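A.B. asks: Take this structure, written in structure tokens, and hold onto it; I'll ask about it next.
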Amino acid sequence: MQRGLHAAISDVVRIPPPSVDPTIKNYHWLDLITGLYDAYNKGAETVILKDANGTLAEGPGFNLFTVKNGCVTTPEHGVLLGITRQTVFDLCALHQIPCTAAAVSSEALRTADEAFISSTAGGVMPLTRINGDPIGTGNIGPITQLLTEAYWNSHADASLRSVVSYPDP
Ligand SMILES: *Cc1c(COP(=O)(O)O)cnc(C)c1O
């Protein structure tokens with residue numbers, strides 16, 4: 001969270017939607033895990049898989065976002081429509097940041113101003129290097145920072161949570 005993840009784009013292809021529907025959370029992780037080992041071999045910490053068309057899909061347990069000229073983009077097809085991905089759309093709308101689902105190429109990620117990933121396991125998390133090269137300045141970008149803070153601040157929003165009270169032990 002302090003310095004951003006270092007990811008590698010793998011040639012391991014995300015299993016095609018006609019084989020396993022990626023919009024259903026599933027335990028077919030052979031592609032994601034094989035890609036992860038590929039990324040480790042390349043000295044990275046995590047992996048981004050491409051789909052059969054060669055555009056970027058997602059990684060092991062997270063969705064991908066790029067930021068270019070103030071606009072946020074996330075892969076449209078072949079991915080889990082994660083609840084945190086949806087939260088990023090909601091937070092962008094709240095903060096008047098354009099956010100769209102569209103095809104994202106490897107080139108678009110390499111030349112993005114900022115990038116981040118989303119997952120229930122960690123919220124909005126910065127991605128600062130791809131294939132060893134810095135994304136943008138290589139530091140956590142302002143929109144990523146804003147969305148990370150907005151994500152955690154929303155946990156205090158009474159309209160978004162149900163308080164669970166536990167009896168004293
Ligand atoms: C769980 C998961 C995500 C993230 O989904 P959230 O609902 O935001 O946690 C994205 N991609 C894959 C492949 C996943 O398994």
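A.B. asks: Just give me the residues in segment 88-109 being assigned to a strand (DSSP E or B), within 15 Å of the ligand (Cβ to nearest atom) and open to solvent by 70 Å² or more (accessible area, probe 1.4 Å), in sequence order.
C.D. replies: Across segment 88-109, there are no qualifying residues.
A.B. asks: When segment 110-120 is examined, which residues are found to be away from the ligand (no atom under 16 Å from the Cβ) and either more than 13 Å from T148 (Cβ to Cβ) or open to solvent by 70 Å² or more (accessible area, probe 1.4 Å) (or both)?
C.D. replies: The answer is R110, T111, A112, D113.
A.B. asks: If the Cβ limit is 8 Å and pairs must be 6+ apart or interchain, which residue in segment 5-20 that is in contact (Cβ under 8 Å) with a residue 60 or more places away in the chain and under 25 Å from G122 (Cα atoms) pairs with which residue that is open to solvent by 20 Å² or more (accessible area, probe 1.4 Å) and in a strand (DSSP E or B)?
C.D. replies: L5/M125; L5/R129; H6/R129; A7/R129; I9/K50; R14/K50
A.B. asks: May I ask you to list pairs of residues, at least six apart or on different chains, whose Cβ atoms are under 8 Å apart, with the first in segment 155-169 being charged (D, E, K, R) and the second being at pLDDT 90 or above and open to solvent by 100 Å² or more (accessible area, probe 1.4 Å)?
C.D. replies: Final answer for the pair search is none.
A.B. asks: Determine, yes or no, whether N139 is outside any loop (DSSP other than H, G, I, E, B) and more than 16 Å from the chain's Cα centre (by Cα).
C.D. replies: no
A.B. asks: So which residues in segment 50-87 are among the hydroxyl-bearing types (S, T, Y) and assigned to a strand (DSSP E or B), if there are any at all?
C.D. replies: Within segment 50-87, T66, T73, T74 qualify.
A.B. asks: Still on this structure, I have one more. Tell me which of these N139 doesn't satisfy, since it passes every other one: (1) within 23 Å of D11 (Cα to Cα); (2) more than 13 Å from the ligand (Cβ to nearest atom).
C.D. replies: With (1) within 23 Å of D11 (Cα to Cα); (2) more than 13 Å from the ligand (Cβ to nearest atom) applied to N139, the lone miss is (1).
A.B. asks: Quick one: count up the residues across segment 48-87 that are under 12 Å from the mean Cα position of the chain (by Cα), open to solvent by 20 Å² or more (accessible area, probe 1.4 Å) and more than 15 Å from the ligand (Cβ to nearest atom).
C.D. replies: The qualifying residues number 1.
A.B. asks: Can you tell me which residue is nearest to the ligand (Cβ to nearest atom) among those in segment 9-36 that are open to solvent by less than 70 Å² (accessible area, probe 1.4 Å) and of a type in the set (G, A, S)?
C.D. replies: G35
A.B. asks: Taking only pairs six or more apart or across chains, which ones have beta-carbon atoms under 6 Å, a first residue in segment 66-93 that is in contact (Cβ under 8 Å) with a residue 60 or more places away in the chain, and a second residue that is in a helix (DSSP H, G or I)?
C.D. replies: V67/I143; V72/C92; L91/L147; L91/A150
A.B. asks: Also: With the requirement that a residue be out of contact with any Lys or Arg (no Cβ under 6 Å at 6 or more places or on another chain) and at negative phi, what does segment 57-73 give you?
C.D. replies: Within segment 57-73, E58, G59, P60, F62, L64, F65, T66, V67, K68, C71, V72, T73 qualify.
A.B. asks: Got a sec? Which of Q96, Q86 is at pLDDT 95 or above, farther than 26 Å from T137 by Cβ and not small (G, A, S)?
C.D. replies: The unique qualifying residue is Q86.
A.B. asks: Sticking with this structure for a sec: What are the residue pairs meeting all of these: first residue in segment 106-126, first residue under 20 Å from D51 (Cβ atoms), second residue buried (at least 20 other Cβ atoms within 10 Å of the Cβ) and of a type in the set (K, R), Cβ atoms under 7 Å, and 6 or more apart or on different chains?
C.D. replies: The qualifying pairs are S118/R85.
A.B. asks: OK, next. Collect the residues in segment 144-169 that are in a helix (DSSP H, G or I) and either over 16 Å from L5 (Cβ atoms) or aromatic (F, W, Y) (or both), keeping them in residue-number order.
C.D. replies: Once the filter is applied, which keeps residues that are in a helix (DSSP H, G or I) and either over 16 Å from L5 (Cβ atoms) or aromatic (F, W, Y) (or both), segment 144-169 yields L146, E149, A150, Y151, W152, N153, S154, H155, A156, A158, S159, L160.
The values are calculated or read from the model by the stated rules, or taken from the named source; none is laboratory data. Remember, predicted model here, so these are calculated numbers, not experimental data. All Cβ positions, glycine included, derive from the backbone under ideal geometry; neighbour counts span all protein chains shown. These area figures cover heavy atoms from the full protein model, side chains too; ligands, DNA and RNA do not enter into them. Shrake-Rupley method; radii C 1.70, N 1.55, O 1.52, S 1.80 Å.
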